[in-house]
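Novice: Starting off with a structure, shown below.
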Amino acid sequence: MKRRRLLQFAGLGSVGLILSTADRTLFARAIQNERRDRLNLQPFEFDVPTVDKTGTVRRSQMHSASFLPVSLAGADRFDMVSIAPANFWMGATHSEFRRKPVESPRRRVRVSPFLISKYPITQSQWTAVATLPAIRRDLSTNPSHFQGRDRPVESVSWLDAVEFCDRLSQHSGRRFQLPTEAQWEYACRAGTQTPFHTGETIASQFANYVGTSIYKAEPAGDYLRSTAPVGSYKPNAFGLHDMHGNVWEWCADTWHRNYRNSPKNQRIVASNRQPQLRAIRGGSWLDSPDKTRSASRSKYLETDLNRTIGFRVIMT
(Lines give C-alpha, C1' and ligand atoms only; values in the text may rest on other atoms or scores of the structure.)
Protein backbone atom coordinates (compact mmCIF):
# COMPACT_ATOMS: atom_id res chain seq x y z
CA MET A 1 0.00 0.00 0.00
CA LYS A 2 1.45 3.36 -0.99
CA ARG A 3 1.79 6.11 1.61
CA ARG A 4 -0.80 8.24 -0.20
CA ARG A 5 -3.34 5.41 0.00
CA LEU A 6 -2.40 4.82 3.65
CA LEU A 7 -3.12 8.48 4.45
CA GLN A 8 -6.45 8.20 2.67
CA PHE A 9 -7.38 5.24 4.83
CA ALA A 10 -6.08 6.90 7.99
CA GLY A 11 -8.28 9.91 7.35
CA LEU A 12 -11.47 7.86 7.39
CA GLY A 13 -13.58 8.05 10.51
CA SER A 14 -14.27 4.33 11.09
CA VAL A 15 -11.48 2.40 9.44
CA GLY A 16 -12.31 -0.91 11.09
CA LEU A 17 -15.90 -0.79 9.84
CA ILE A 18 -15.42 0.18 6.24
CA LEU A 19 -12.25 -1.61 5.18
CA SER A 20 -12.43 -5.07 3.70
CA THR A 21 -10.40 -7.86 5.28
CA ALA A 22 -7.81 -7.55 2.52
CA ASP A 23 -7.60 -3.78 2.96
CA ARG A 24 -7.25 -4.11 6.73
CA THR A 25 -4.33 -6.49 6.18
CA LEU A 26 -2.72 -4.03 3.78
CA PHE A 27 -3.35 -1.21 6.22
CA ALA A 28 -1.68 -3.10 9.09
CA ARG A 29 1.29 -3.99 6.89
CA ALA A 30 1.65 -0.38 5.81
CA ILE A 31 1.70 0.78 9.45
CA GLN A 32 4.30 -1.86 10.32
CA ASN A 33 6.44 -1.04 7.28
CA GLU A 34 6.36 2.66 8.08
CA ARG A 35 7.31 1.95 11.70
CA ARG A 36 10.13 -0.35 10.56
CA ASP A 37 11.51 2.33 8.25
CA ARG A 38 11.25 5.02 10.94
CA LEU A 39 13.11 2.95 13.54
CA ASN A 40 15.58 1.48 11.05
CA LEU A 41 14.42 -2.04 11.91
CA GLN A 42 15.98 -5.01 10.16
CA PRO A 43 13.87 -7.93 8.88
CA PHE A 44 14.63 -11.58 9.62
CA GLU A 45 12.97 -14.91 8.83
CA PHE A 46 12.67 -18.08 10.91
CA ASP A 47 10.94 -21.43 11.04
CA VAL A 48 8.21 -22.15 13.62
CA PRO A 49 6.99 -25.70 14.41
CA THR A 50 3.55 -26.60 15.79
CA VAL A 51 2.97 -29.91 17.56
CA ASP A 52 -0.05 -32.00 18.50
CA LYS A 53 -0.71 -33.50 21.94
CA THR A 54 1.71 -36.36 21.22
CA GLY A 55 4.54 -33.89 20.60
CA THR A 56 4.60 -34.71 16.88
CA VAL A 57 5.32 -31.78 14.57
CA ARG A 58 2.21 -31.31 12.45
CA ARG A 59 3.14 -28.06 10.78
CA SER A 60 6.27 -26.00 10.22
CA GLN A 61 5.91 -22.51 8.80
CA MET A 62 8.25 -19.70 7.86
CA HIS A 63 7.58 -16.41 9.64
CA SER A 64 9.17 -12.99 9.47
CA ALA A 65 9.68 -10.16 11.93
CA SER A 66 11.83 -7.06 12.37
CA PHE A 67 14.35 -6.12 15.03
CA LEU A 68 16.33 -3.12 16.19
CA PRO A 69 20.02 -3.92 16.77
CA VAL A 70 21.44 -2.22 19.87
CA SER A 71 25.22 -2.45 20.23
CA LEU A 72 27.13 -2.39 23.50
CA ALA A 73 30.91 -2.56 23.74
CA GLY A 74 32.20 -5.91 24.99
CA ALA A 75 28.83 -7.68 24.77
CA ASP A 76 26.64 -9.55 22.36
CA ARG A 77 24.34 -7.23 20.45
CA PHE A 78 20.83 -6.66 21.83
CA ASP A 79 18.27 -7.64 19.18
CA MET A 80 15.03 -5.88 20.10
CA VAL A 81 12.14 -7.46 18.19
CA SER A 82 9.27 -5.24 17.12
CA ILE A 83 5.85 -6.32 18.47
CA ALA A 84 2.74 -4.91 16.79
CA PRO A 85 -0.28 -3.69 18.79
CA ALA A 86 -3.19 -6.06 19.25
CA ASN A 87 -5.95 -7.35 21.50
CA PHE A 88 -5.41 -10.82 22.95
CA TRP A 89 -6.88 -13.22 25.48
CA MET A 90 -4.75 -13.24 28.62
CA GLY A 91 -4.90 -16.10 31.10
CA ALA A 92 -5.84 -19.78 30.95
CA THR A 93 -9.14 -21.24 29.79
CA HIS A 94 -11.14 -23.33 32.29
CA SER A 95 -10.36 -26.43 30.23
CA GLU A 96 -6.60 -25.90 30.11
CA PHE A 97 -4.81 -28.84 31.66
CA ARG A 98 -3.19 -28.02 35.02
CA ARG A 99 -4.41 -24.44 35.03
CA LYS A 100 -4.33 -22.59 38.35
CA PRO A 101 -6.72 -20.02 39.87
CA VAL A 102 -3.99 -17.35 39.69
CA GLU A 103 -4.27 -17.54 35.88
CA SER A 104 -7.94 -16.48 35.88
CA PRO A 105 -10.29 -14.97 35.00
CA ARG A 106 -9.29 -14.96 31.37
CA ARG A 107 -9.81 -11.53 29.85
CA ARG A 108 -9.30 -9.49 26.69
CA VAL A 109 -6.30 -7.14 26.93
CA ARG A 110 -5.12 -4.38 24.61
CA VAL A 111 -1.36 -4.17 24.03
CA SER A 112 0.34 -1.15 22.45
CA PRO A 113 3.43 -1.57 20.24
CA PHE A 114 6.76 -2.27 21.93
CA LEU A 115 10.12 -3.93 21.31
CA ILE A 116 11.35 -6.89 23.35
CA SER A 117 14.71 -8.64 23.48
CA LYS A 118 14.86 -11.72 21.27
CA TYR A 119 16.56 -13.68 24.06
CA PRO A 120 16.79 -13.46 27.83
CA ILE A 121 19.63 -11.16 28.85
CA THR A 122 22.92 -13.04 28.53
CA GLN A 123 25.83 -13.04 30.92
CA SER A 124 28.02 -11.08 28.49
CA GLN A 125 25.32 -8.41 28.20
CA TRP A 126 24.91 -8.31 31.95
CA THR A 127 28.65 -7.89 32.56
CA ALA A 128 28.91 -5.05 30.04
CA VAL A 129 26.04 -3.13 31.65
CA ALA A 130 27.13 -3.95 35.22
CA THR A 131 30.42 -2.12 34.56
CA LEU A 132 28.58 1.09 33.66
CA PRO A 133 28.21 3.81 36.33
CA ALA A 134 25.78 2.90 39.12
CA ILE A 135 22.46 4.71 39.38
CA ARG A 136 20.74 3.34 42.51
CA ARG A 137 22.68 0.23 43.51
CA ASP A 138 25.85 -1.73 42.86
CA LEU A 139 25.78 -4.80 40.62
CA SER A 140 27.96 -7.89 40.62
CA THR A 141 29.59 -8.30 37.21
CA ASN A 142 29.43 -12.10 37.38
CA PRO A 143 26.45 -13.26 39.48
CA SER A 144 25.36 -16.42 37.62
CA HIS A 145 25.59 -19.94 39.03
CA PHE A 146 25.83 -21.58 35.57
CA GLN A 147 28.68 -19.88 33.77
CA GLY A 148 28.76 -19.04 30.04
CA ARG A 149 28.73 -15.74 28.16
CA ASP A 150 25.82 -16.85 25.97
CA ARG A 151 23.84 -18.44 28.80
CA PRO A 152 21.09 -16.35 30.40
CA VAL A 153 22.13 -14.36 33.42
CA GLU A 154 20.49 -15.67 36.61
CA SER A 155 20.85 -15.25 40.35
CA VAL A 156 19.91 -11.58 39.95
CA SER A 157 17.15 -9.92 41.96
CA TRP A 158 14.28 -7.86 40.58
CA LEU A 159 15.99 -4.76 41.97
CA ASP A 160 19.17 -5.76 40.13
CA ALA A 161 17.23 -6.18 36.88
CA VAL A 162 15.68 -2.72 37.27
CA GLU A 163 19.15 -1.24 37.88
CA PHE A 164 20.34 -2.98 34.72
CA CYS A 165 17.51 -1.37 32.74
CA ASP A 166 18.26 2.07 34.20
CA ARG A 167 21.98 1.86 33.38
CA LEU A 168 21.30 0.60 29.86
CA SER A 169 18.77 3.41 29.34
CA GLN A 170 21.21 6.07 30.50
CA HIS A 171 24.03 4.66 28.38
CA SER A 172 22.05 4.13 25.17
CA GLY A 173 19.69 7.10 25.27
CA ARG A 174 16.75 4.72 24.84
CA ARG A 175 14.19 3.71 27.46
CA PHE A 176 14.59 0.10 28.61
CA GLN A 177 12.47 -1.56 31.29
CA LEU A 178 11.05 -4.89 32.40
CA PRO A 179 7.93 -6.08 30.57
CA THR A 180 4.56 -6.10 32.29
CA GLU A 181 2.84 -9.45 32.65
CA ALA A 182 0.47 -8.50 29.82
CA GLN A 183 3.34 -7.63 27.49
CA TRP A 184 5.20 -10.78 28.47
CA GLU A 185 2.27 -13.14 27.90
CA TYR A 186 1.33 -11.51 24.60
CA ALA A 187 4.94 -11.86 23.43
CA CYS A 188 5.03 -15.49 24.59
CA ARG A 189 1.76 -16.53 22.96
CA ALA A 190 2.67 -14.92 19.63
CA GLY A 191 -0.91 -15.19 18.39
CA THR A 192 -1.67 -18.62 19.88
CA GLN A 193 -4.35 -19.57 22.41
CA THR A 194 -2.98 -23.03 23.18
CA PRO A 195 -1.14 -23.85 26.44
CA PHE A 196 2.21 -23.38 24.67
CA HIS A 197 3.21 -21.39 21.61
CA THR A 198 4.23 -24.78 20.17
CA GLY A 199 0.63 -26.02 20.43
CA GLU A 200 -1.23 -28.40 22.75
CA THR A 201 1.95 -29.54 24.44
CA ILE A 202 5.70 -29.10 24.37
CA ALA A 203 8.70 -31.43 24.13
CA SER A 204 12.28 -31.17 25.33
CA GLN A 205 13.58 -30.50 21.80
CA PHE A 206 11.65 -27.20 21.91
CA ALA A 207 12.51 -25.85 25.39
CA ASN A 208 14.74 -26.35 28.42
CA TYR A 209 12.69 -27.78 31.30
CA VAL A 210 12.45 -31.11 33.15
CA GLY A 211 11.88 -33.06 29.95
CA THR A 212 11.46 -36.35 31.82
CA SER A 213 8.05 -35.02 32.96
CA ILE A 214 5.08 -35.23 30.59
CA TYR A 215 2.32 -32.65 30.04
CA LYS A 216 -0.05 -34.41 27.62
CA ALA A 217 0.93 -37.46 25.55
CA GLU A 218 4.39 -36.45 24.34
CA PRO A 219 7.29 -38.83 24.97
CA ALA A 220 9.63 -38.19 27.88
CA GLY A 221 12.75 -36.29 26.87
CA ASP A 222 15.92 -34.73 28.22
CA TYR A 223 16.60 -32.97 31.49
CA LEU A 224 19.73 -30.79 31.27
CA ARG A 225 19.81 -29.81 34.98
CA SER A 226 21.16 -26.37 34.05
CA THR A 227 20.51 -23.38 31.85
CA ALA A 228 21.18 -23.67 28.11
CA PRO A 229 22.74 -21.05 25.82
CA VAL A 230 20.05 -18.63 24.64
CA GLY A 231 18.63 -19.43 21.22
CA SER A 232 19.25 -23.17 21.55
CA TYR A 233 15.60 -23.84 20.66
CA LYS A 234 13.24 -22.74 17.89
CA PRO A 235 11.55 -19.34 18.30
CA ASN A 236 7.84 -18.60 18.48
CA ALA A 237 5.90 -16.85 15.70
CA PHE A 238 7.18 -13.44 16.86
CA GLY A 239 10.80 -14.62 16.54
CA LEU A 240 11.40 -14.79 20.31
CA HIS A 241 13.44 -17.58 21.90
CA ASP A 242 13.24 -19.24 25.32
CA MET A 243 9.82 -17.92 26.28
CA HIS A 244 9.14 -21.41 27.67
CA GLY A 245 11.71 -22.69 30.16
CA ASN A 246 15.43 -21.98 30.59
CA VAL A 247 14.89 -19.26 33.22
CA TRP A 248 11.89 -17.64 34.85
CA GLU A 249 11.73 -13.98 33.85
CA TRP A 250 11.10 -10.99 36.10
CA CYS A 251 8.15 -8.76 35.17
CA ALA A 252 7.54 -5.17 36.23
CA ASP A 253 4.28 -5.94 38.07
CA THR A 254 3.84 -6.53 41.76
CA TRP A 255 2.22 -9.89 42.48
CA HIS A 256 -1.58 -10.05 42.40
CA ARG A 257 -3.28 -13.35 43.15
CA ASN A 258 -5.70 -13.31 40.19
CA TYR A 259 -6.88 -11.13 37.31
CA ARG A 260 -10.03 -9.77 38.97
CA ASN A 261 -10.13 -5.99 38.59
CA SER A 262 -6.88 -6.07 36.58
CA PRO A 263 -6.46 -3.46 33.83
CA LYS A 264 -7.43 -4.38 30.29
CA ASN A 265 -4.28 -2.86 28.89
CA GLN A 266 -0.55 -3.35 29.32
CA ARG A 267 0.06 -0.97 32.20
CA ILE A 268 2.00 -2.11 35.25
CA VAL A 269 -0.10 -3.65 38.02
CA ALA A 270 0.88 -2.23 41.41
CA SER A 271 -0.48 -3.82 44.57
CA ASN A 272 -0.13 -2.45 48.09
CA ARG A 273 -0.80 -5.82 49.76
CA GLN A 274 2.61 -7.36 49.14
CA PRO A 275 4.62 -4.71 47.30
CA GLN A 276 7.91 -6.64 47.56
CA LEU A 277 6.54 -9.69 45.74
CA ARG A 278 7.10 -9.52 41.97
CA ALA A 279 5.63 -11.58 39.16
CA ILE A 280 7.80 -14.05 37.27
CA ARG A 281 6.85 -15.83 34.04
CA GLY A 282 7.93 -18.66 31.76
CA GLY A 283 9.21 -21.46 33.99
CA SER A 284 12.78 -22.72 34.05
CA TRP A 285 15.21 -25.59 33.54
CA LEU A 286 14.16 -26.89 36.99
CA ASP A 287 10.40 -26.96 36.32
CA SER A 288 7.88 -29.45 34.98
CA PRO A 289 6.26 -28.54 31.63
CA ASP A 290 3.02 -27.21 33.15
CA LYS A 291 5.02 -24.44 34.87
CA THR A 292 6.31 -23.28 31.46
CA ARG A 293 2.86 -22.72 29.89
CA SER A 294 2.11 -19.31 28.37
CA ALA A 295 -0.42 -18.54 31.14
CA SER A 296 1.68 -19.91 34.01
CA ARG A 297 2.77 -17.33 36.57
CA SER A 298 4.45 -17.25 39.94
CA LYS A 299 5.99 -14.81 42.42
CA TYR A 300 9.29 -14.09 44.14
CA LEU A 301 10.66 -11.50 46.53
CA GLU A 302 12.21 -8.57 44.67
CA THR A 303 15.32 -8.71 46.87
CA ASP A 304 16.03 -12.43 46.53
CA LEU A 305 18.28 -14.37 44.14
CA ASN A 306 17.62 -17.70 42.46
CA ARG A 307 19.55 -19.70 39.88
CA THR A 308 16.27 -20.25 38.00
CA ILE A 309 15.37 -16.55 37.53
CA GLY A 310 16.63 -14.16 34.86
CA PHE A 311 14.88 -11.55 32.70
CA ARG A 312 14.53 -9.90 29.32
CA VAL A 313 13.92 -6.23 28.55
CA ILE A 314 11.53 -4.14 26.48
CA MET A 315 11.64 -0.74 24.79
CA THR A 316 8.42 1.24 24.57
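The values are calculated or read from the model by the stated rules, or taken from the named source; none is laboratory data. Because the structure is a prediction, the values reported are computed rather than measured. Don't worry about glycine lacking a Cβ; one is built from the backbone with ideal geometry, like all the others, and counts go over all protein chains shown. Just so you know, the surface numbers come from the protein's heavy atoms only, side chains and all, with ligands and any DNA or RNA stripped out. Shrake-Rupley method; radii C 1.70, N 1.55, O 1.52, S 1.80 Å.
Novice: Treating only the Cβ atoms of Lys and Arg (+1) and Asp and Glu (-1) as charged, compute the dipole magnitude of segment 252-296 about its Cα centre; round to the nearest 20 debye.
Specialist: Approximately 220 debye in magnitude.
Novice: Of Tyr259, Gly239, Ser294, whose Cα points farthest to the positive end of the dipole of segment 203-316 (charges on the beta-carbon: +1 Lys, Arg; -1 Asp, Glu; origin at the Cα centre)?
Specialist: Tyr259
Novice: Computing the accessible area with a 1.4 Å probe over protein heavy atoms, can you report the carbon and sulfur percentage for the chain?
Specialist: Carbon with sulfur: 48 percent of the solvent-accessible area.
Novice: Something else now. Out of residues 5 or more away from Glu154 or on other chains, whose amide H comes under 5 Å of its own, with H placed 1.01 Å from N in the peptide plane?
Specialist: Ser144, His145
Novice: Let me check I've understood the local charge: for Gly231, count other residues with C-beta under 12 angstrom from its C-beta, Lys and Arg +1, Asp and Glu -1. What total comes out?
Specialist: Result for the neighbourhood of Gly231: -1.
Novice: Across segment 301-308, in residue order, what do the Karplus-derived ³J(HN,Hα) couplings come to in whole Hz, using 6.51 cos²θ - 1.76 cosθ + 1.60 with θ = phi - 60° and x for Gly and Pro?
Specialist: Result, rounded to whole Hz: 5, 5, 8, 8, 10, 7, 6, 9.
Novice: If you don't mind, there's one more thing I want to ask. Let me know the shape class of segment 167-225, please: from the alpha-carbon gyration tensor, a ≥ b ≥ c as square roots of the eigenvalues, rounded when a/c is under 1.5, otherwise prolate if a/b is greater than b/c, or oblate.
Specialist: oblate
Novice: Still on this structure, I have one more. Gln61 label point, 7 Å along Cα→Cβ, cut-off 20 Å on backbone N: hits in segment 81-114?
Specialist: Answer for this model: 82-90.
Novice: May I pose another question? Could you size up the charge dipole of the chain around its Cα centre, putting +1 on the beta carbon of Lys and Arg and -1 on that of Asp and Glu, and report it in debye to the nearest 20?
Specialist: It comes to approximately 1140 debye.
Novice: Here's a follow-up. Show me the ranking of peptides 250-260, 198-208, 169-179, 92-102 by mean Cβ neighbours inside 10 Å, starting with the highest.
Specialist: Taking the mean over residues of other Cβ atoms within 10 Å, the ranking is 198-208, 250-260, 169-179, 92-102.
Novice: Hey, another quick one. Could you check the simple spin-label distance between Ile135 and Ala270, using points 7 Å along Cα→Cβ, in nm with one decimal?
Specialist: Here the answer is 1.6 nm between the modelled labels.
Novice: Residues with amide H under 5 Å of Asp253's amide H, sequence separation 5 or more or different chain, H placed in the peptide plane at 1.01 Å from N; which?
Specialist: Glu181, Val269, Ala279
Novice: If you don't mind, another one. Work out the length of the dipole vector of segment 46-193 about its Cα centre, built from +1 on the beta-carbon of each Lys and Arg and -1 on the beta-carbon of each Asp and Glu, and round it to the nearest 20 debye.
Specialist: In total the dipole reaches around 540 debye.
Novice: Using a probe radius of 1.4 Å on heavy atoms only, what accessible surface per residue do you get for the chain? Whole Å² is fine.
Specialist: Roughly 46 Å² per residue, with all protein chains present.
Novice: Run the numbers on segment 42-120 and let me know its relative contact order in percent, using alpha-carbon pairs under 8 Å that are six or more apart.
Specialist: 25
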